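J.: Quick one: the structure is below, and I'll ask about it shortly.
The values are calculated or read from the model by the stated rules, or taken from the named source; none is laboratory data. The structure presented is a predicted model; accordingly, all values stated were derived computationally and were not measured. We place every Cβ from the backbone using ideal geometry, glycine too, and count neighbours over all the protein chains shown.
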Amino acid sequence: MELTAQYPSNIALVKYWGKKGQQLPCNSSLSLTLREAHTRVKVTYEQQHSAQPAFQYFFEGQHHPAFEHKVHHYLKAQPEFQTFLAHHTIRVDSENTFPHSTGIASSASAFAAIAAVFLKLSQPNLSTAEFRQKGSRLARLGSGSASRSFYGPYALWGELAGVPDSTDDYAIPIEEIHPNFQAMRDCILIVEQKTKKVSSTLGHGLMKEHPYAHQRFQEANHHSKNLLEVLQIGDFEQFISITESEALSLHAMMMTSKEYYLLMKPETIQIINTLFEYREATGTPVCFTLDAGPNVHLLYPESQKNEVHRFVESELRPFTKSLIYDQMGVGGQVF
Ligand code: DP6
């Protein structure tokens with residue numbers, strides 16, 4: 001028997017950077033769910049009554065002991081999955097449509113898909129709303145940003161004063177979106193394909209003793225609050241300003257932590273500066289954001305697609321190893 005889940009990645013506009021307790025965020029974060037950049041996880045299982053049924057994990061066709069250990073450990077720690085794990089031999093096959101560990105949040109789509117497929121196998125009769133809420137919470141326990149991939153096109157994770165239902169436990173969908181933001185695109189400019197030197201998990205850890213942590217968490221909540229309003233009123237100028245400021249604040253935290261480090265590459269800066277010049281000259285509503293890596297995400301409305309793609313192909317492609325043209329999506333599915 002088998003069951004598959006396909007869940008997308010998401011790109012944070014307001015960044016989650018710093019956590020406490022059981023993978024709870026130190027500030028709220030707000031993201032755009034993607035469509036093409038996703039992880040597909042297939043679980044093949046058989047009933048088994050031995051004391052320790054086998055659990056195997058294959059990544060892109062290859063047995064992957066490190067992921068196997070990590071995912072099995074995660075699954076065993078969730079009471080929801082215990083019964084299913086105890087009674088089945090399991091083979092997991094996962095694959096990504098984007099390069100692994102490039103700063104594109106592959107842990108977000110992977111843990112969303114893993115949580116979703118095992119939740120469906122463990123509790124097949126939940127309503128859609130219950131499934132998403134539980135799934136988002138379980139995904140969060142695997143990787144914080146994964147909590148947001150259960151909703152789309154926009155999701156908010158983390159308690160935020162004045163926003164009913166917002167919670168650190170799981171993400172919630174953002175319902176009120178102005179038509180200006182209802183068809184957004186994300187062009188992912190890959191400048192580096194190698195595995196990151198400093199993982200996000202270590203980066204989150206460095207926020208514990210960060211001299212600017214308190215101000216940063218306040219700033220992020222302030223940005224979430226403002227961005228929720230901006231998404232309602234359709235103001236691009238404000239969208240650009242919050243999104244770009246968040247990206248640079250995230251990297252500023254890395255550069256100013258006790259063990260400081262830099263993830264931007266020369267090409268990252270060249271792309272950002274070229275974008276600034278282009279926007280200044282043309283007024284095109286397009287902005288950048290960054291994850292915990294050197295790759296650049298360009299965000300723009302569908303209406304600017306041809307214009308922005310011309311710009312990307314003629315002026316930015318030389319700085320990249322590859323490109324992914326993606327767009328916003330609505331979340332994942334289990335089939
Ligand atoms: C910079 O969700 O990858 O992408 O919870 O340790 O798995 P863990 O971290 P992760 O951190 C993502 C950090 C970020 C910002 C964001 O997605 O909000």
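The rows are residues; the columns are (1) surrounded by fewer than 20 Cβ atoms within 10 Å (Cβ to Cβ); (2) within 30 Å of residue 14 (Cβ to Cβ); (3) modelled with pLDDT under 95.
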position: 35; (1), (2), (3): yes, yes, yes
position: 43; (1), (2), (3): no, no, no
position: 52; (1), (2), (3): yes, no, yes
position: 103; (1), (2), (3): no, yes, yes
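J.: Can you list residue pairs whose Cβ atoms sit under 6 Å apart, with the first residue in region 21-49 being free of Cβ contacts under 8 Å to residues at least 40 places away in the same chain and the second being of a type outside the set (S, T, N, Q) and surrounded by fewer than 24 Cβ atoms within 10 Å (Cβ to Cβ)? Count only pairs 6 or more apart in sequence or on different chains.
T.: Taking only residues 6 or more apart or on different chains, not a single pair turns up.
J.: Here are some conditions: (1) crowded, with 19+ Cβ neighbours inside 10 Å; (2) within 16 Å of the ligand (Cβ to nearest atom); (3) of a type outside the set (Asp, Glu); (4) modelled with pLDDT of 95 or more. Residue 77 meets all but one. Which one does it not meet?
T.: (1)
J.: Checking residue 252 against (1) within 24 Å of the chain's Cα centre (by Cα); (2) of a type outside the set (Asp, Glu); (3) surrounded by 17 or more Cβ atoms within 10 Å (Cβ to Cβ), which test does it fail?
T.: Failing condition for residue 252: (3).
J.: Restricting to region 16-42, and then to whatever is of a type in the set (Gly, Ala, Ser), within 11 Å of the ligand (Cβ to nearest atom) and not in a loop (DSSP other than H, G, I, E, B), can you tell me which residue is farthest from residue 112 (Cα to Cα)?
T.: 29
J.: Out of the residues in region 291-325 meeting the condition of being part of a helix (DSSP H, G or I) and among the polar types (S, T, N, Q), tell me which one is nearest to residue 192 (Cα to Cα). Can you show your working first?
T.: Initially, region 291-325 is screened for residues part of a helix (DSSP H, G or I), giving 302-319.
Filter once more, so that each one left must be among the polar types (S, T, N, Q): 303-304, 306, 314.
Values: 303: 29, 304: 26, 306: 25, 314: 19 Å.
Among those that are part of a helix (DSSP H, G or I) and among the polar types (S, T, N, Q), it is 314.
J.: Sticking with this one: Taking the residues in region 291-335 that are charged (D, E, K, R) and within 30 Å of residue 120 (Cβ to Cβ) as candidates, determine which candidate is farthest from the chain's Cα centre (by Cα). First the steps, then the outcome.
T.: Of the residues in region 291-335, the ones charged (D, E, K, R) are 291, 302, 305, 307, 310, 313, 315, 317, 321, 326.
Checking the rest, the ones that are also within 30 Å of residue 120 (Cβ to Cβ) come to 291, 326.
Values: 291: 9, 326: 14 Å.
Filtering region 291-335 for residues that are charged (D, E, K, R) and within 30 Å of residue 120 (Cβ to Cβ), the one farthest from the chain's Cα centre (by Cα) comes out as 326.
J.: List the pairs whose first member sits in region 134-145 and is under 15 Å from residue 16 (Cβ atoms), whose second member is in a helix (DSSP H, G or I) and away from the ligand (no atom under 13 Å from the Cβ), and whose Cβ atoms are under 7 Å apart, counting only residues at least 6 apart or on separate chains?
T.: Filtered contacts from region 134-145: 136/150; 139/150.
J.: Here's something else I'd like to know. Can you pull out the residues in region 275-290 that are of a type outside the set (A, V, I, L, M) and either touching a Cys at 6+ places or on another chain (Cβ under 6 Å) or part of a strand (DSSP E or B) (or both)?
T.: Step one: list which residues in region 275-290 are of a type outside the set (A, V, I, L, M), which gives 276-280, 282-285, 287-289.
Result: 287, 288, 289.
J.: I'm told residue 261 meets every condition in (1) more than 19 Å from the chain's Cα centre (by Cα); (2) part of a helix (DSSP H, G or I); (3) surrounded by fewer than 19 Cβ atoms within 10 Å (Cβ to Cβ) except one. Can you identify the failing condition by its number?
T.: With respect to (1) more than 19 Å from the chain's Cα centre (by Cα); (2) part of a helix (DSSP H, G or I); (3) surrounded by fewer than 19 Cβ atoms within 10 Å (Cβ to Cβ), residue 261 is out only on (2).
J.: I've got another one for you. Quick one: which of 208, 194 is loosely packed, with under 14 Cβ neighbours inside 10 Å, closer than 21 Å to residue 97 by Cβ and of a type outside the set (A, V, I, L, M, F, W, C)?
T.: Values: 208 fails: closer than 21 Å to residue 97 by Cβ.
It is 194.
J.: Further question on the same structure: So, in region 274-297, exactly how many residues are of a type outside the set (Ser, Thr, Tyr) and within 26 Å of residue 202 (Cα to Cα)? Quick ask: steps written out before the conclusion?
T.: Looking only at region 274-297, we keep the residues that are of a type outside the set (Ser, Thr, Tyr), and these are 275-277, 279-281, 283, 285-288, 290-297.
Those still in the list that are within 26 Å of residue 202 (Cα to Cα) too: 288, 290-297.
Total meeting the criteria: 9.
J.: To continue, here is another question. Filtering region 200-246 down to residues that are in contact with a His (Cβ under 9 Å, 6 or more places away or on another chain) and away from the ligand (no atom under 16 Å from the Cβ), which residue is nearest to residue 108 (Cα to Cα)?
T.: Of everything passing the filter in region 200-246, 231 is nearest to residue 108 (Cα to Cα).
J.: I'm checking my understanding of the structure. Among residues of region 221-263 that are at pLDDT below 95 and of a type outside the set (Ser, Thr, Tyr), which one is nearest to residue 177 (Cα to Cα)?
T.: 263
J.: Hey, another quick one. Based on what the data block shows, is residue 108 aliphatic (A, V, I, L, M), under 30 Å from residue 223 (Cβ atoms), touching a helix residue (DSSP H, G or I) at 6+ places or on another chain (Cβ under 7 Å) and assigned to a helix (DSSP H, G or I)?
T.: yes
J.: I'd like the full set of residues that are more than 16 Å from the chain's Cα centre (by Cα) and surrounded by 14 or more Cβ atoms within 10 Å (Cβ to Cβ), limited to region 148-167.
T.: Filtering region 148-167 for residues more than 16 Å from the chain's Cα centre (by Cα) gives 159-167.
Once the filter is applied, which keeps residues that are more than 16 Å from the chain's Cα centre (by Cα) and surrounded by 14 or more Cβ atoms within 10 Å (Cβ to Cβ), region 148-167 yields 159, 160, 163, 166, 167.
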